[in-house]
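For reference, the structure discussed in these notes is given below.
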Amino acid sequence: MTVDTLFSWLGGLIPAMEGSGILLVISILVPCLALFLVVAVNAIVMVYAERKVAAFMQDRVGPMGQGVGLHAGKWGLLQTVADALKLLTKEDIIPEKADRFLFILAPFVIFIGAFVTIIAVPFGETTIVADFNIGIFYILAMGSFGVIGIILAGWSSNNKWSLYGGMRSAAQIVSYEIPAGLSIIVIIMLTGTLSMQGIIEYQAGGMGNWIIFANPFTFIAFFVYFISVVAETNRTPFDIPEAESELVGGFHTEYSGMRWSFFFLSEYANMLVVSAVAATGFLGGWHSPISGYFDSNGWGIFWMVSKIVFLIFIMMWFRWTFPRLRVDQLMNICWKVFLPVSLINIFGVGIWTLFFG
Amino acid sequence: MSADQEKLIAELVEKGLAGDMDEINAIEDRVLRGKVKSALAKAKRAAKTTTTAAPAEEKRVAETIADTPPSDNPNQKFGQIIEDTFQGSLDAELNDTHIQLKPDNWFEIAKWLKSEPSLHFDSLQCHTGMDMGENMLEARYNLHSMTHDHKIEIRIAVSREKANIPSIEQIWRIGDWFERETYDMFGIFFDGHRDHRRMLLPEDWEGYPLRKDYEVQETYHGIAIPKVKEGWE
Amino acid sequence: MGMLENRFQDNVVVAKLDKLIGWARSTSPWYFQFGLACCAIEMMAAAASRHDLERLGMMPRSSPRQADVMIVAGTVTMKMALRVKKLYEQMADPKYVIAMGSCATSGGPYWQHGYHVLKGVDIVVPVDVYVPGCPPRPEALIEGLLKLQEKILDERPLTRKMA
């Protein structure tokens, strides 16, 4: 959407070059840059929020900007900025026996995997960079791109703990794709379209029309989907690959400074994308809960962002509530519990729609 | 009681121990009969507590300790039993605190101590070493039985030049780490130990610290180790 | 920052940049939790609810490559001293060390007869701040950290310092 509108607007602005390739390139690059800013701001805000939320749940206060000299802002608001600057000025260590090219490539691959999925996320009625008609399929497919990066990171570090972490993480992500995908099939069955905007339009008209409340089976499908994506993004309670007490940091043990911050950044970008897909598919996207009120284009962005923020907050809440699952328990739950449940969901939704319309 | 009566009671008690109860039951005097029967019961009880081992031991026990009555102290009791089963294994006199053994067939003794049902020492509670001075290093074992609830202490003394004791880590698995620690601190070698290396100190440390004649080394991997300081400097 | 360090002559731009970098580094010193003995409990207590280390911007990292400060908390034996040195070398520049407790400062209660105790961790790694105590209270550790933050703030990495 946005690319097309920008292209035609620029064409109208400079009639001489209308329809040329240069304008196309510009109209693709500008939204991507804007998205990059969105991802960066999201990372900064979410790192700060995670530390504060974690602290309040543990009855502490978190970063408060206290300390010697110039403070990190009131309530520690500049804490993440200080963190980022510090990581920029750290020494860049590449271990001698590590595979140099793959070591440098791995964080970029993970970041690309997270970033290309964001272009299909609808933030508002017309605020979407690329409205594919296979939107949700595209997001699921590109979301598994990051697994390659994790395996590369674990392998190229030349460290047996990193390798274990990388392998476990790859197994975990690939396994949990299946219940997530099957839960998305439930949505596709009801709406009949793969396009993100199409799915949201199906849920127009207030909270009663949201897919999560359509059907008891879709209700269960939402929870199956949500827990599967928590496992996919390597968050607690499924964070065996990167847990500190288990594998000294897992696949990102040997990374320092800015390279390591790329892993961090892509984890938060992944969280953003999967929350956005959950909000789109089950919670009505950019529609407001009460139909008719606060329902314009600008309000659409507000509703979408608040639903995403709510789901991310629940992910952070999980982190400090549940103990970590062992690797075999993790795989057990995926294959023996979630897979049958999601298959039953598909079956159930089909039968319900047949009998109750 | 008169001497005649005592002699009569002793005779009848002996007959009763052998199994002949007819003469005792034929006594008409109720008082005398009661005295004989109580003396018989006492004699039977004493005979029972003397031996907890197989009845074959009882005769040997009665033969070797002719005049002194068998003691209740477990170290004495079991020391005697060990000496009876494995002749020549005791290294010193029996006493109330410990059993001193020679290191020669310690492995067989230990296996027998654990497997014999009436003894059944299934728990090696503690194992340590001692430097007794005068060229004598000792290894001490505290054994306890969870089924019978009795415990003994066994000490094995070796000289500094030939500090070798058979290892019992295959009998009591906790002995694995216990013996490694004793080796680390005292330098007693345990023959047959499957993983004989230092426990606490690094592998390339020189010397055995808890010996009385230990001198700490000068440097370790380039780090100088200062000697004992007298007072504040 | 290898090429840029200790390179520029002192002028207003470099001074401001120095101040910015010093502020960034001192406001987020991530610590490598190296708890060896009893002082580790006090370090954990300092990171817990009542005295909160995260207020000052410190975050615990368990990989030495991602940490700035190594808090050596507890008795360092000779066996461990080799590993302390190895981990210190694996940390990324700029790195600092805090010796917490009397055992890490000078051998502690084992100064006289401990044959296997390293009498002070500064024999193997360069120490920036010593925090005395056996064990030091969390407030004492926080004071040591504030002193370290002062030291980092005034470091001025970019200016060329006169010999």
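Normalised by 2.2 N^0.38 Å, where N is the number of residues, the C-alpha radius of gyration of the stretch B:74-212 stands at 1.03. Between the stretch A:25-57 and the stretch C:85-102, what is the separation of their alpha carbon centroids in Å? What the calculation gives is 33 Å, centre to centre. The heavy atoms of A:Ser175 present about 10 square angstrom of accessible area, all protein chains included, probe 1.4 Å.
Between B:Asn142, B:Leu201, B:Met130, the Cα set farthest toward the positive side of the dipole of the stretch B:75-222 (charges on each charged residue's Cβ, about the Cα centre) is that of B:Asn142. Taking Cα atoms only, the orientation of helix C:78-90 departs from the longest principal axis of chain C by about 20 degrees. Given the C-alpha centroids of the stretch A:134-153 and the stretch A:96-129, what is the distance between them in whole angstrom? What the calculation gives is 9 Å, centre to centre.
Can you flag which of A:Lys86/A:Lys160; B:Lys111/B:Lys151; C:Lys19/C:Lys147; B:Lys227/C:Lys86; A:Lys74/C:Lys95 are past 19 Å Cα-Cα? Show your work: numbers first, answer last.
Numbers: A:Lys86/A:Lys160 28 Å; B:Lys111/B:Lys151 16 Å; C:Lys19/C:Lys147 17 Å; B:Lys227/C:Lys86 26 Å; A:Lys74/C:Lys95 27 Å.
Distance filter (> 19 Å) returns A:Lys86/A:Lys160; B:Lys227/C:Lys86; A:Lys74/C:Lys95.
Between the stretch C:1-22 and the stretch A:263-332, what is the separation of their alpha carbon centroids in Å? Cα centroid of the stretch C:1-22 versus Cα centroid of the stretch A:263-332: 42 Å apart. Mean sequence separation of contacting Cα pairs (under 8 Å, at least six apart), scaled by the length of chain A, corresponds to a relative contact order of 20 percent.
Provide the per residue accessible area, probe 1.4 Å, for the stretch B:74-212, rounded to a whole number of square angstrom.
Working: 6470 Å² over 139 residues.
Solvent-accessible surface per residue comes out at 47 Å².
Per-residue surface analysis assigns A:Val41 an accessible area of about 80 Å², computed on protein heavy atoms at 1.4 Å probe radius. Here the Karplus relation 6.51 cos²θ - 1.76 cosθ + 1.60, evaluated at θ = phi - 60°, turns the backbone of the stretch A:259-266 into coupling constants of 4, 5, 5, 5, 5, 4, 4, 6 Hz, with x for every Gly and Pro. Near the amide H of B:Ile99, within less than 5 Å, lie the amide hydrogens of B:Glu153, B:Ile154, B:Arg155, all on another chain or at least 5 residues away, with H placed in the peptide plane. Distances between every pair of Cα atoms in chain B, grouped in 10 Å steps from 0 to the bin holding the largest one, split as 7, 24, 23, 16, 12, 8, 5, 3, 1, 0 percent.
For the protein assembly as shown, with all protein chains present and a 1.4 Å probe, just round the carbon and sulfur fraction of the accessible area to a whole percent. Please list the in-between numbers first.
Numbers: 23200 of 36940 Å².
The value for the protein assembly as shown is 63 percent carbon and sulfur by accessible area.
Once you wrap a convex hull around the alpha carbon atoms of the stretch C:1-117, what is its projected area averaged over all directions, in nm²? Write down the numbers at each step before the final one.
Working: hull surface 36.5 nm².
Spelled out: convex hull of the Cα atoms, projected over all directions, averaged, 9.1 nm².
What quantity of accessible surface, computed with a 1.4 Å probe and excluding non-protein components, is buried in total between chains A and C, in Å² to the nearest 100? Don't jump to the answer; show the numbers that get you there.
Details: alone 17660 and 9510 Å², together 24010 Å².
The buried area between A and C, both sides summed, comes to about 3200 Å².
In square nanometres, what is the average projected area of the Cα convex hull of the stretch B:1-52?
Values: hull surface 14.8 nm².
Result: 3.7 nm².
Placing +1 on the Cβ of every Lys and Arg and -1 on the Cβ of every Asp and Glu, with no other charges, gives the stretch B:74-212 a dipole of roughly 120 debye about its Cα centre.
Restricting the calculation to Cα atoms, the stretch C:58-163 yields a radius of gyration followed by a Dmax of 14.6, 47 Å.
B:Glu11 contributes about 100 Å² of solvent-accessible surface, heavy atoms of the protein only, 1.4 Å probe. Counting only Cα atoms, the size of the protein assembly as shown along its three principal axes is 144, 87, 43 Å, in decreasing order.
Peptide C:44-55 shows a mean partner chain C-beta count of 4 within 10 Å per residue C-beta. Burial here means at least 30 square angstrom less accessible surface with every protein chain in place than with the chain by itself, probed at 1.4 Å; in the stretch A:46-72 the buried residues are A:Arg51, A:Arg60, A:Gln66, A:Val68, A:Leu70.
On a per residue basis, the stretch A:2-86 carries 53 Å² of accessible surface, using protein heavy atoms and a 1.4 Å probe.
Within a 10 angstrom radius of each residue's Cβ in C:25-32, how many Cβ atoms of other chains show up on average? Whole number is fine. The partial results should precede the final answer.
Details: counts 5, 7, 18, 13, 3, 4, 0, 0.
Mean partner shielding for this stretch: 6.
Calculate the FRET efficiency for B:Ile174 and B:Leu200 from the Cβ-Cβ distance with a Förster distance of 22 Å, rounded to the nearest 0.05. Working shown, then result.
Numbers: r = 16 Å, r/R0 = 0.74.
So, using R0 = 22 Å, E works out to roughly 0.85.
The convex hull built on the alpha-carbon positions of the stretch A:90-356 has an orientation-averaged projected area of 14.5 nm².
In the stretch B:170-233, which trypsin sites (Lys or Arg not before Pro) fall in coil by DSSP and have 11 or fewer other Cβ atoms within 10 Å? Don't skip to the answer; put the middle values down first.
Numbers: sites: B:Arg173, B:Arg180, B:Arg194, B:Arg197, B:Arg198, B:Arg211, B:Lys212, B:Lys227, B:Lys229; in loops: B:Arg173, B:Arg194, B:Arg197, B:Arg198, B:Arg211, B:Lys212, B:Lys227, B:Lys229.
In loop regions of the stretch B:170-233 (DSSP not H, G, I, E or B), the sparsely surrounded trypsin sites (Lys or Arg not before Pro) are B:Arg173, B:Arg194, B:Arg197, B:Lys212, B:Lys227, B:Lys229.
Distances between every pair of Cα atoms in the stretch A:1-82, grouped in 10 Å steps from 0 to the bin holding the largest one, split as 17, 28, 17, 15, 17, 7, 0 percent. For the stretch A:1-109, trypsin sites (Lys or Arg not before Pro) meeting the loop criterion (DSSP other than H, G, I, E, B) and having at most 15 other Cβ atoms within 10 Å: A:Lys97.
The values are calculated or read from the model by the stated rules, or taken from the named source; none is laboratory data. None of these values were measured; they are calculated from a predicted model. Ideal geometry is used to build each Cβ from the backbone, glycine not excepted, and the neighbour counts take in all protein chains shown. Note: accessible area is taken over every heavy atom of the protein model, side chains too, but ligands, DNA and RNA are not part of it. Shrake-Rupley method; radii C 1.70, N 1.55, O 1.52, S 1.80 Å.
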